[in-house]
Structure formats: C-alpha cells, structure tokens
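Just below is one structure, and these are the notes that go with it.
The values are calculated or read from the model by the stated rules, or taken from the named source; none is laboratory data. Computed from a prediction, not measured in an experiment: that's the story for all the values here. With ideal geometry, Cβ positions are generated from the backbone for all residues, glycine too; neighbour counts draw on all protein chains shown. For the accessible areas, the whole protein counts, side chains as well, though only heavy atoms, and no ligand, DNA or RNA atoms are used. Shrake-Rupley method; radii C 1.70, N 1.55, O 1.52, S 1.80 Å.
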Amino acid sequence: MANTSLTRTSGTSTNVDKCTFSAWVKRGNLSSSDHILMGQYTDANNRAKILISDNQLAYFQKTGGSTTANAKATRQFRDTSAWYHIVLAFDSTQSTAADRIKFYVNGVQETVFSNEDYGAQNENVRINESSVPIFIGQDGNSGYYFDGKMAHVHFVDGTAYPASTFGETDSTSGIWKPKASPSGITYGTNGFFLKFENAGNL
C-alpha cells in the first residue's frame with residue numbers, strides 16, 4: 001500500500017465534534033517519511049491527518065492557517081511483523097483537554113505524549129468536516145502514503161467509541177483481536193466499514 005489510497009468527498013456531518021477512526025495496520029517500512037492512515041485536505045491552510053511520524057502515532061490538523069491540534073504519543077511502533085489495532089476517538093466537547101482525542105493501541109489507551117495539543121473545546125474535527133475530501137492511506141496532497149497493510153478500517157461520524165467497540169481479547173490466547181462483526185455501532189452520515197477481505201468488494 002506504499003503508493004495507493006482511497007478517497008471520497010464527505011457529506012454533511014452528523015456531528016463535526018465527534019468521530020472515531022479504527023484500523024488494524026501492519027507496517028511495511030520504517031522510513032523517516034510520514035505514514036498516513038487517514039487524511040483530510042482542502043488546501044495547505046485547512047488539512048488534517050492521522051499518521052505514524054518518527055514511529056509514533058499522531059494527529060495533526062490546521063484550520064485557517066493555524067495549527068488547531070497536534071497530539072503525538074511517545075511510544076514507538078517499529079515492529080514490522082506485528083499487526084497493531086489503532087483507534088483514535090475524538091470528542092472536542094469534553095472540558096478536559098486530554099479527553100478530546102484518545103489514542104488506543106491494541107485495546108490499551110495511550111497516556112504518555114510528546115505533543116499534547118488536543119485542540120480547543122468544541123473545535124471542529126477536520127477529518128469529519130462536511131463536504132470535504134478525505135483519504136485512507138495518504139494525506140491528500142504531499143504524496144505521503146501509508147507503507148504497509150490495513151484491514152478492518154472503521155470511520156464513525158458522530159460518536160467517540162473506545163477500542164473495545166472494535167476489538168476484544170481472545171479467550172484462549174489472550175491476544176487482542178478484531179471483532180468479526182462489531183455490533184451496536186452507529187456510523188452516522190459519513191461513517192463506513194472497510195473490511196478489505198475481498199478486492200472486488202472492499
């Protein structure tokens with residue numbers, strides 16, 4: 001997936017303050033380039049991306065030329081043989097800044113960050129803006145892609161879900177695994193589920 005991606009133009013958001021991204025990813029290359037999981041790009045002054053940067057999970061957005069969120073977890077993810085379950089849950093209505101963007105990896109919430117700008121209260125989440133181009137696997141402008149594999153990609157418009165909505169611990173092995181058919185998810189207007197198990201029907 002080093003130079004491929006999916007794109008669509010979103011409709012009217014169910015709630016631009018709340019959304020969730022969930023995906024299982026396997027890294028293919030540990031280059032210094034940004035590896036984009038999901039991007040939104042209107043122009044250089046209005047854009048956003050969920051990415052792995054310097055082997056760290058991050059979210060960045062810019063609105064009207066100003067950086068309006070810039071959060072990066074400290075832990076590094078460098079195992080190219082492993083599948084990681086990555087979830088970012090956004091709820092900018094929260095009064096506590098750290099609750100506005102929650103990062104989960106393999107079912108565990110990340111709590112140590114090297115960048116801690118979670119955005120202002122009630123700040124629009126750009127990846128869930130109405131009527132904008134969004135991208136899976138690249139940022140929409142600079143040619144930075146995700147180098148690796150993705151599966152079970154969910155995007156939820158209007159609700160911030162925890163990782164347990166999409167994954168669970170296997171009762172035999174104790175390993176975190178995807179739920180084959182997650183239930184109770186309200187995807188909203190712009191939401192989707194891409195399982196990627198069939199090239200003819202994503």
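Screening Phe90, Phe135, Phe103, Phe146 for residues that are of a type in the set (Phe, Trp, Tyr), within 17 Å of Asp17 (Cβ to Cβ) and open to solvent by less than 30 Å² (accessible area, probe 1.4 Å) leaves exactly one candidate, Phe90. Of the strands (runs of 3 or more DSSP E) that lie entirely inside the stretch 111-173, those containing 1 or more residues that are closer than 23 Å to Leu194 by Cβ and out of contact with any strand residue (DSSP E or B) (no Cβ under 6 Å at 6 or more places or on another chain) span 167-169.
Being at positive phi and open to solvent by 30 Å² or more (accessible area, probe 1.4 Å) is true of Gly65. Out of the residues in the stretch 179-191 meeting the condition of being modelled with pLDDT of 95 or more and open to solvent by less than 70 Å² (accessible area, probe 1.4 Å), tell me which one is nearest to Val25 (Cα to Cα). Filtering the stretch 179-191 for residues that are modelled with pLDDT of 95 or more and open to solvent by less than 70 Å² (accessible area, probe 1.4 Å), the one nearest to Val25 (Cα to Cα) comes out as Gly191. Whenever a residue of the stretch 39-65 is within 18 Å of Val87 (Cα to Cα), its partners that are open to solvent by 40 Å² or more (accessible area, probe 1.4 Å) and small (Gly, Ala, Ser), lying with C-beta atoms within less than 8 angstrom and at least six residues away or across chains, give the pairs Gln56/Ser114. Every residue in the stretch 14-32 that is open to solvent by less than 50 Å² (accessible area, probe 1.4 Å), of a type in the set (Ser, Thr, Tyr) and farther than 16 Å from His154 by Cα, please. Residue satisfying the conditions is Ser31 alone. In the stretch 44-59, the residue that is least open to solvent (accessible area, probe 1.4 Å) out of those that are farther than 21 Å from Val108 by Cα and at pLDDT 95 or above is Ala48.
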